[in-house]
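J.: Sharing a structure with you now.
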Amino acid sequence: MNNVVSNLEFLVKKIKLSIQELNQDMSKAKRTELLEYQDRLMDSLFEESGKIRETGELESMENLLLELEEVRRQV
């Protein structure tokens with residue numbers, strides 16, 4: 001399970017960074033590229049959340065919810 005948590009933490013960190021980047025001035029092409037990248041990150045995050053749900057480990061599920069809430073607040 002540690003691998004899944006590590007993947008989760010990595011993905012959340014990358015998503016937060018991409019949100020910060022989106023708040024900066026950039027060309028339309030760069031913004032489009034960054035949004036596509038963020039979509040791929042979110043897809044990966046949802047895959048990891050599915051793995052966590054399958055395990056049924058309460059602590060990991062709580063951690064997932066906290067991380068998702070933090071991402072939501074940043075948007």
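J.: How far apart, in nm, are the 7 Å Cα→Cβ label points at residue 25 and residue 42?
T.: 2.7
J.: Stick to the Cα atoms of the chain, pair each with every other, and give me the Kirkwood hydrodynamic radius in Å at one decimal.
T.: Computed over the chain, the radius equals 13.0 Å.
J.: Among the aspartates and glutamates, select those whose C-alpha is under 18 Å from the C-alpha of residue 28, and discard any that sit fewer than 8 residues away in the same chain.
T.: Within the straight-line limit of under 18 Å, residue 28 reaches these aspartates and glutamates: 36, 39.
J.: Then there is this: Size of the dipole of the chain about the Cα centre, Lys and Arg at +1 and Asp and Glu at -1 on the beta carbon, nothing else charged, in debye to 20?
T.: Roughly 360 debye, rounded to the nearest 20.
J.: A further question follows. Rounded to the nearest 10 degrees, what's the angle between the helix 2-22 long axis and the longest principal axis of the chain, both from Cα atoms, 0 to 90?
T.: 20
J.: Kindly provide the helix-only [θ] at 222 nm of the chain, computed as the sum of -39,500 (n - 2.57) over DSSP H runs of four or more divided by all residues, to the nearest 500 deg cm²/dmol?
T.: -30500 deg cm²/dmol
J.: Just want the answer: with Cβ charges of +1 for Lys and Arg and -1 for Asp and Glu, which residue in 55, 74, 6 is farthest toward the dipole's positive end in the chain?
T.: 74
J.: Tell me the angle of helix 58-74 to the major Cα principal axis of the chain, expressed in degrees between 0 and 90 and rounded to the nearest ten.
T.: For 58-74 against the chain, the angle is about 20 degrees.
Values quoted throughout were computed directly from the atomic coordinates according to the rules given, and no laboratory measurement underlies them. All values derive from a computational prediction rather than experimental measurement. Heads up, the Cβs are rebuilt from the backbone with ideal geometry, glycines too, and the neighbour counts pull from every protein chain shown.
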